[in-house]
Every structure is written in structure tokens, then in C-alpha cells.
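One structure below.
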Amino acid sequence: MNSLKFYSTTLALALLMPFSACASSFRLTPIGTHVNGPPFNTSAAEIVSYDPKEERLYVVNAQGGRIDVLDIEDPTTPTKIATIDMSPYGTVVNSVAVNDGLIAVAVEAPVKTDRGHVVFFNRNLEHKKTVQVGALPDMVIFSPDGRWLLAANEGEPNTYNDFGSETNGPSIDPEGSVSIIDLKKGVSRATVRTATFTRFNHDKLDSSIRIFGPNATVAQDLEPEYITISRDSKTAWVTLQENNAIAKIDIEDAKVEKLYGLGFKDHKKRGNGLDVSDQDGGIHILNWPLRGVYMPDAISSYKVHDDTYLVMANEGDTRVYPGFSEEVRVSTLTLDAKAFPNAAELQKTNNLGRLTITKVNLDPDHDGDVDVLYSLGGRSFSIRDEKGKLVFDSGDDFEQLTALLLPLNFNASHTANTKDARSTSKGPEPEGLALGKAYGRRLAFIGFERVGGIVVYDISDPEEPRLLDYVNYRNFAEPFDFATEGDLGPEGLLFIEADDSPNGKPLLVVANEISGTTTIFQLDKH
């Protein structure tokens, strides 16, 4: 395979991690790619799951309204051998999960505020069962013991009809929820229960949990995004991305037990810098008077001794609908003179002026000016305990790393190669995440949605993760051409351990929604 692979692990570790000299040498190498496209930029490869018995990948092709089935018996030549047409079951295909030959697909309704479905197929791609779940099922996951299938129902308000206004709210706003499908008696006798958030409608919540939809209840405002399940299959944790929170769910009782606010990231703190402008004449990763709203997308979990740890990719997200948008640039705001005595300097376009932030909760004393600035996402990944307490955050590692290795394309977007384009909003935008065990170590793989590439950390010690590698299978050729740029927009990440791998080596599979490519990387230790 031909690629431009950008990494210099030794140099990067020396600059970012003081213990680099004793770090093991791990390398991700792209060994095979399957391409869906043209057209590009249509989510033709979004989420991916794996059946080790058949050595097949199941890839969400939202553009085609189907699941693509790839044979990876030879992982260097992934080959499409079949498709599952999902058009009879709904419109947008959002997620797929596979367990012991049972395939589960999340499909939203033609009207996205209506209840969606989870559709089950067997290994022969024969339809077995369709169950109704909540509005906009966005992610599905099997429990480790195979008994349960959980669906995160995001429940977004309508955007295609009249959304209303910031005063009146949307005309339709379904509640977010988590559907819990019990497969104990087999898929043909599957039952569904719903874990809802209605019990929190009148509770006083952690102040870092963002509840701000116009006239929305707490249950309407919470939007489940991604799920991880404990090793014993009893507990689930769900990211509530727009709300900067996670929920803990008792699976057996189908009950949301707790909501945990994730707090805010202090960008004035050393090691938490960020580049905030596309008009500052270069790469300037600096500290600023900002509070980062973590807003994680993907979440996964692992155990160390008897403790469970939650790993999250802090992408950031905003609500932008007709009639309501929370986005605003710093230059347009009236900053409080006491909180920001150097407001005029801060609001210059080569400083904070061009940065897109949220306008939610900027004026806690309600005197008409801005007292605090909240930026979008953490530009990092975090490790937390099972109650959401922060154990580790990667700080500004991601921007420092890409500045070092991609100086000509730092903070580029996934639809152009323009340097610094994403500095004004979320930077590299970490989104996809996978965990795995290889060579006796616990590893985390995080995908950068915008500039692209996958970063690898050793998280065996959750308090002191080690950066191991960064690979970007993207061409950065000019002029920009989707057909020749390589992998763009990594979305879904899947780790295949050596025992389940078709070639006996640990593999990482990445579905890239912009390029429509599904790329297989081999992980080696030297």
C-alpha cells in the first residue's frame, strides 16, 4: 500500500512525555483498505463491527442505507461480499453491533422524532426480529455476556419542521432514553424496556450538566450518545454529549441510577493550551481564560484490579437548529470588565476573537455581560472513575503532537488541507475511540475527526498513560481531491485482539465517514 505516514514517536515522546526513553515501541501500519465512493462526504463508512468466526466486518453505509459486509480472511485485501438493505426498516442507518453471529442494526424513523428500530439478522443475513426503541437510536452495543443489547436513543428535536424559537422551543422534542433489549430467551422472544430520565426532571443537578434546550424538561434535553458496559454486564455508562455529562444505568432494572457532570477544563493551566485562531500567523498553542466543556462522544471502559475506569474522547458538540443556535464568536460579545480587563486585546482576531464558543451560561450574574467563556470540547481524551471523577486528561497533547508532525496542515479540516482552519472550533476534534489488550498492555486508540489520524496510548496505568504512536493515513495532496486524499474523517474504531484476528496479529479497523474508506491497521511491537 502507498501512503504518507506521519509519525516520529521518539521525537514526539521526548517532547511530550518525560519518560519516553523507557516507553515500548508500538507501531500501527495500514495493511488493507476498502473504498466506498464516490460520492464522498456522505458517511459511506461510519461504524464497524466484527464477527471473528466468519472473519467479516459489518460497516454502516449511511449514504447507501445499508450495511456492507467485508470479508477480511486476508486483511490486506478486504472484499465486499454482501450488503444488507435497510430501506424496509427506516431511513438513516446509525450503528451496528455483532455478537455470536447475531447482527443488530440501529435505524432511525423517516421522521427522526418518531421512535426508531433495532433490526436483528443472523449470519446468513436473514431478518430475525425488529423491535421498536426510542427516537433516533444512535448507537447499539451488546453486553459482554451477550444477554443484553442496549440502544442509545438521542431524541433530538425536529429540525426539518418549524423548530420554533429560543423562547418557545421546538414543536417536537422527544425524550432521550436508553432501550434495553433482553435476549435471554433468544432473539425471537426479545423484550424491550426503556431507561428514561424523567425522574430527574425536578432534581437539582450538578452545575456542569448543561440543560438549556428552549422550554425542554431535563428528560427532553438529555441526549444519549454512546454506551459502554461493565465486564459483568450489570452496569452501563452513557455519554450525554451535548449535556457534558454521563449517566450510570442499572441494566437489570432498566433504571438510570445517577447523572454525573464532567466539570470543565481549565485552559489557563499549564499543559492545557490550545490554538484558538486561524488569523494568528502560525501555530500558537497557548493558555487562555477559557473553560473547556468536555462533551465526550465515544466512551469505553476497562478494569484495573477491582476498579472500573471510563475512557472518553472529548469531541465537543453544539446545538444549531433553525430558530436556535448556541454558537457565538468571542469577538461579538460584551465581556465583563472585571473578569476580562484586557477584553479589547483578547477579542482581536489573532487572539480569541475568532474562537467559536457556546453562549450557554456565559452570564451567571445576569447583568448583561459575559463573565466566563466556555470553549467546545476538551481537544483531548480523558480517563475517569466510574463516578465521573477525572483521573487523567491528555491536556494539549493532541495539538502539540500534530503541530510537531504536521506543521503544514496543523488543525486542517477533513474537507480541505488549509492549515489552522479548525483552530477556531474544536481543533483536531477527537471523536472515535477503541480499547484493547496487546503484548501485555492495555491500549487506547483515539481518532481525530478533522486533521485525521489515530493516536495510541498505553493506559495500563490509568493515572499515567503513555503516548506510543500516531499514524495519519492521509495524503494532504494539493489541490484537495477526495479520490486521492486517503482516509478522511475517522468515525468508528474497532480493535481486534490477536486471538480473534484473521492473521494472528492485533488489528485496528477504522471506518472513515468522509472518504468512505474502511482501513485495517496492524499493531506491532518492536
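The values are calculated or read from the model by the stated rules, or taken from the named source; none is laboratory data. Not measured: the values here are computed from a predicted model. FYI the Cβ positions are ideal-geometry reconstructions off the backbone, even for glycines, and counts take in every protein chain you see.
See the values below:
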{"item": "Where a residue in the stretch 138-154 is more than 19 Å from residue 303 (Cβ to Cβ) and its partner, wherever it lies, is in a strand (DSSP E or B) and among the basic types (Lys, Arg), with Cβ under 9 Å and at least six apart", "result": "153/115"}
{"item": "Residue within the stretch 430-441 that is in contact (Cβ under 8 Å) with a residue 60 or more places away in the chain and closer than 30 Å to residue 350 by Cβ present", "result": "yes"}
{"item": "Qualifying residue in the stretch 429-442 (condition: assigned to a strand (DSSP E or B) and of a type in the set (Phe, Trp, Tyr))", "result": "no"}
{"item": "Filtered residue count, the stretch 41-74, keeping only those that are more than 20 Å from the chain's Cα centre (by Cα), outside any strand (DSSP E or B) and crowded, with 22+ Cβ neighbours inside 10 Å", "result": "1"}
{"item": "Filter pass, residue 455 being surrounded by 24 or more Cβ atoms within 10 Å (Cβ to Cβ), in contact with a Phe, Trp or Tyr (Cβ under 6 Å, 6 or more places away or on another chain), free of Cβ contacts under 8 Å to residues at least 60 places away in the same chain and not charged (D, E, K, R)", "result": "yes"}
{"item": "Residue within the stretch 326-343 that is over 20 Å from the mean Cα position of the chain (by Cα) and at pLDDT below 95 present", "result": "no"}
{"item": "Residue list for the stretch 219-233, filter: assigned to a loop (DSSP other than H, G, I, E, B) and either of a type in the set (A, V, I, L, M) or more than 17 Å from residue 299 (Cβ to Cβ) (or both)", "result": "222, 232"}
{"item": "Test: residue in the stretch 195-218 that is assigned to a strand (DSSP E or B) and at negative phi", "result": "yes"}
{"item": "Near pairs, Cβ below 7 angstrom, 6+ apart or cross-chain, from the stretch 75-97 (farther than 30 Å from residue 523 by Cβ) to any residue that is among the polar types (S, T, N, Q)", "result": "89/130"}
{"item": "Extreme residue, modelled with the highest pLDDT, among residues of the stretch 511-526 that are of a type in the set (D, E, K, R) and in contact with a Phe, Trp or Tyr (Cβ under 8 Å, 6 or more places away or on another chain)", "result": "524"}
{"item": "Residue check, residue 164 at pLDDT below 95, of a type outside the set (A, V, I, L, M) and touching a Ser or Thr at 6+ places or on another chain (Cβ under 9 Å)", "result": "yes"}
{"item": "Total residues in the stretch 444-465, condition hydroxyl-bearing (Ser, Thr, Tyr) and in contact with a Leu (Cβ under 7 Å, 6 or more places away or on another chain)", "result": "1"}
{"item": "Some residue of the stretch 496-503 being of a type in the set (S, T, N, Q), closer than 16 Å to residue 398 by Cα and touching a residue at least 60 places away in the same chain (Cβ under 8 Å)", "result": "no"}
{"item": "Filtered residue count, the stretch 259-297, keeping only those that are crowded, with 19+ Cβ neighbours inside 10 Å, farther than 17 Å from residue 401 by Cα and among the polar types (S, T, N, Q)", "result": "1"}
{"item": "Residues that are outside any strand (DSSP E or B) and within 16 Å of residue 219 (Cα to Cα), drawn from the stretch 172-187", "result": "172, 173, 174, 175, 176"}
{"item": "So residue 485, is it more than 22 Å from residue 309 (Cα to Cα) and in contact with a His (Cβ under 7 Å, 6 or more places away or on another chain)", "result": "no"}
{"item": "Scope the stretch 333-390; condition part of a loop (DSSP other than H, G, I, E, B), aliphatic (A, V, I, L, M) and touching a Pro at 6+ places or on another chain (Cβ under 9 Å); matching residues", "result": "339, 352, 372, 373"}
{"item": "Enumeration of residues in the stretch 396-452 that are β-branched (Val, Ile, Thr) and either under 15 Å from residue 312 (Cβ atoms) or surrounded by 19 or more Cβ atoms within 10 Å (Cβ to Cβ) (or both)", "result": "402, 424, 446, 451"}
{"item": "Scope the stretch 187-232; condition surrounded by 16 or more Cβ atoms within 10 Å (Cβ to Cβ), of a type in the set (Ser, Thr, Tyr) and either without any contact (Cβ under 8 Å) to a residue 12 or more places away in the chain or closer than 22 Å to residue 103 by Cβ (or both); matching residues", "result": "226, 228"}
